[in-house]
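Readers should treat all values here as calculations from the given coordinates under stated rules, not as data from a laboratory. These figures come from a predicted structure and were not determined experimentally. Every residue, glycine among them, receives a Cβ derived from its backbone with ideal geometry; neighbour counts consider all protein chains shown.
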Amino acid sequence: MKIVRCPKCGKYIHKAVKCFHCGNTAGFEEISGSDVHENITQEYARMDILIEDKKYDEAIALSYTILEWMPNLAGVFWFRLLARYKCSTAIDLICKGFPCDEDSDFCNALDFSVDEEHSAYEDIKETVSQIRVSLKKEISEHEYSSKSATDIMRIKKTMQGEIERRKEKLFSLWSDLEDAEHSLYALEMDCRLLMKEHQTGLEKAAQAASAIKSEAYRMEECTAEKLHSLQVRMEYVLQQSESSKDSIDSMRKQHPWVKSFSDLVTKRNEKVRLINSEISSLSSYERTVQQTISEIERIESRHKTALIAADKYDFMNAVALLGTSAFNDVLRGAGVGVSSSVSIVPGEKFSSTEVDETQSGDADDEMDMEDYYAAWGLSED
């Protein structure tokens, strides 16, 4: 491993094709590195090649052999850090992110390094820390803009008024329907009373006819006088019956109450239709509100996940959320002058062989939640 000085920006970096700060590709000044024990010179050089060839597991295994001879060799810890995060260059590691304050390999590389090499590690630490801060801010701003792109703001402004308007309309329709039902009931009672008179006439005519029939059956002899009397009475009964029947038929066809009743039925049915339509519209509005709330919950969940990951120096979720262009803007803000080319897969797992297990746990999760709410200026309660 070699440290070089970029002639363009003056930064000390690990030897690479391009300076990740300014993008310069030529004129690098090589700085003499740490002395390596002669018994592991070949192994140390091979470890560099293994990293370059992306044979990360072999590089990690070889690191133990080298550290047996030189436990304070900073470059070995740097190589192993790259291997654990499956990175072949410093910019790849910077883009993926790593806990530079807690990672044992990086802390050892920083502690055991001197001069220009130490400056290179300090520069990486400062860059990663700045990216972390900028990403957390960018995630919070992206969450706000994502929420603003939904209907939540419009719903928040109009929902109370919309509910009141719909409630008033429904109450008005219910009141109109109640009035129509009361009018229908009153008119129906009046019609029943009017019809009752004529129905009573029909019933009396039927009773009279039945009585005449019974009287005729009981007669032993029917004189002309009695026959005439029965005929006269029967004709009267028939006249009564026909009169009542005609009156009922006339009422059904011509009485103004019939039209009033029909109009009230039409009005009642229209109010029922309007109420059903308003209820359907209210259900649709409720679904819209619920869909928006669900969308907001999804937005919050995704951004909280990315924010917690970024707080742990895992930048991959943030890149997946924000996009490469926004991430490159963050890199430039942190002094990285080249675009990210690392393949970032959310949820990718790194080798845990050398990762401190103390970097995860309930205490960290609790702190992450506090950071999430603090980023929005909210109390976790």
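Using +1 at the C-beta of Lys and Arg and -1 at the C-beta of Asp and Glu, which of Gln291, Phe261, Asn276 has the Cα lying farthest in the positive direction of the dipole of segment 258-309?
Phe261
Which pairs in the list Lys2/Lys125; Lys55/Lys96; Lys15/Lys312; Lys54/Lys137; Lys2/Lys96; Lys18/Lys55 are over 29 Å apart, alpha-carbon to alpha-carbon?
Lys54/Lys137
When a/c is below 1.5 the answer is rounded, else prolate if a/b is larger than b/c, else oblate, so apply that to segment 126-183 with a ≥ b ≥ c taken from the square roots of the Cα gyration tensor eigenvalues.
prolate
Please rank Leu307, Leu193, fewest neighbouring Cβ atoms within 10 Å first, as an exposure proxy.
Numbers: Leu307 26, Leu193 9.
Taking fewest neighbouring Cβ atoms as first place, the list is Leu193, Leu307.
If I stretch the segment between Lys259 and Thr200 completely, what's the gain in nm (0.36 nm per residue apart, minus their alpha carbon distance), one decimal?
18.9 nm
Please rank Val4, Val76, Val17, Val232, fewest neighbouring Cβ atoms within 10 Å first, as an exposure proxy. Working shown, then result.
Working: Val4 19, Val76 30, Val17 7, Val232 10.
Ordered from fewest to most neighbouring Cβ atoms within 10 Å, Val4, Val76, Val17, Val232 come out as Val17, Val232, Val4, Val76.
Given R₀ = 56 Å, FRET efficiency for Ser214-Ser172 by Cβ-Cβ distance, to 0.05?
So, using R0 = 56 Å, E works out to roughly 0.35.
In whole Å, largest first, what are the principal axis extents of the Cα atoms in segment 4-106?
Here the Cα extents, ordered largest to smallest, are 38, 30, 26 Å.
Could you compute Rg(Cα) / (2.2 N^0.38 Å) for segment 92-157, with N its residue count?
Working: Rg = 18.6 Å, N = 66, 2.2 N^0.38 = 10.8 Å.
Scaled against compact globular proteins, the figure is 1.72.
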